[in-house]
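The values are calculated or read from the model by the stated rules, or taken from the named source; none is laboratory data. The model shown is predicted, which means the values in this text are computed figures rather than measured ones. Here the Cβ is made from the backbone with ideal geometry for all residues, glycine too, and neighbour counts use every protein chain on show. These area figures cover heavy atoms from the full protein model, side chains too; ligands, DNA and RNA do not enter into them. Shrake-Rupley method; radii C 1.70, N 1.55, O 1.52, S 1.80 Å.
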Amino acid sequence: MDAITALQTRTASPRLVEPAPSANELDTILKAGLRAPDHGMLRPWRFLIVAGDARAKLGQLFAVQMEPQTEEQTKKLLNAPLRAPLIIIAVAEIQDHPKVPAVEQICATAAAVQNMSVAIHALGYSSIWRTGAPAFHTGVKEALGFNARDEIVAFLYIGTPTLADRPVPENAVADYVKEWG
Ligand SMILES: Cc1cc2nc3c(=O)[nH]c(=O)nc-3n(C[C@H](O)[C@H](O)[C@H](O)COP(=O)(O)O)c2cc1C
């Protein structure tokens, strides 16, 4: 798939199953992520790969850290990471820098996530970028090995879609763009 087609046809898939990208394909996807723009070349992004049994372990981490109040909430947290065979957790590890504020380090990490989601699509798989309450929870960040000021930018769920591709929404350029000046 050529780059422009991949960029214009990527859609998110909420239901994902095996097969996930192979180890080689995952390497290709991560290398696409690492080509994101990055002010000051700070390399603020960190990626945690979660697959196989580690997904259940991640669910347990959510269920412990988020302190759910009901059985239903607990079940939801335990099962959340099982919604795809592979997850990349993308974290912006924020550094102090005189010219590159935290927001730019988060932007760089988000650009890496988008590069990866397009690469996943170009390789014939699909993904969905999720965050939700665990992404903003200090206990979750710390249990994953990060600090409170770091930002979990994405839980990128990856696999093969079970549903037919959603039609690519029509976007009218004129709704968002105007000539200035
Ligand atoms: C920062 C960010 C966080 C998101 N978090 C969620 C989420 O937690 N749950 C969800 O269903 N979609 C989430 N989305 C949206 C989906 O990834 C997806 O973009 C949306 O379902 C629309 O589908 P499309 O990308 O095919 O247009 C998030 C998107 C972004 C950019």
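Using a 1.4 angstrom probe with every protein chain in place, what is the largest-first accessible-area order of I106, I88? Could you put the intermediate results ahead of the total?
Numbers: I106 50, I88 0 Å².
The most accessible residue leads, giving I106, I88.
What does the net charge come to around F47 if you take all other residues with beta carbon closer than 12 Å to its beta carbon, with K and R at +1 and D and E at -1? If you can, show how the numbers build up before the last one.
Values: positive: K31, R43, R46; negative: D27, E93.
Cβ neighbours under 12 Å give a net charge of +1.
Enumerate the helices in the chain for which the Kyte-Doolittle hydropathy averages 0.5 or more and the C-alpha atoms extend at least 18 Å along the helix's axis, using complete DSSP H runs. Write out the running numbers ahead of the final one.
Numbers: long enough: 102-122 (30 Å, 0.95).
Taking the DSSP H segments of the chain (at least 18 Å long, mean hydropathy at least 0.5), we get 102-122.
What does the accessible area per residue of the chain come to in Å², with a 1.4 Å probe and no ligands, DNA or RNA counted? Each step should come with its number before you reach the end.
Details: 10600 Å² over 181 residues.
Here the per-residue accessible area is 59 Å².
Tell me, what % of the accessible area of the chain is carbon and sulfur with a 1.4 angstrom probe? Walk me through the numbers before you get to the answer.
Values: 5890 of 10600 Å².
Roughly 56 percent, rounded to a whole number.
Could you let me know the centre-to-centre spacing of the range 119-181 and the range 1-35, using Cα atoms, in angstrom?
12
When only alpha-carbon atoms are used, what values of Rg and Dmax, in angstrom, describe the chain?
Taking only Cα atoms of the chain, I get Rg and Dmax of 17.3, 57 Å.
Do you know the Lys pair count in the range 34-163 for C-alpha distances under 25 Å, with sequence separation 8 or more or different chains? Write down the numbers at each step before the final one.
Working: K57/K75; K57/K76; K57/K141; K75/K141; K76/K141.
Lysine pairs meeting both conditions in the range 34-163 amount to 5.
When the chain is treated as a GNM, springs tying every alpha-carbon pair under 10 Å, which of S13, S126, S22 comes out with the largest mean-square fluctuation?
Answer for the Gaussian network model of the chain: S22.
Need the full-extension length gain, A54 to A174, defined as separation in residues times 0.36 nm minus the C-alpha distance. One decimal, nm. The partial results should precede the final answer.
Working: separation 120, 0.36 × 120 = 43.20 nm, distance 4.50 nm.
Gain in length upon complete extension: 38.7 nm.
T138: accessible area at probe 1.4 Å, nearest 10 Å²?
Solvent-accessible area, nearest 10 Å²: 60 Å².
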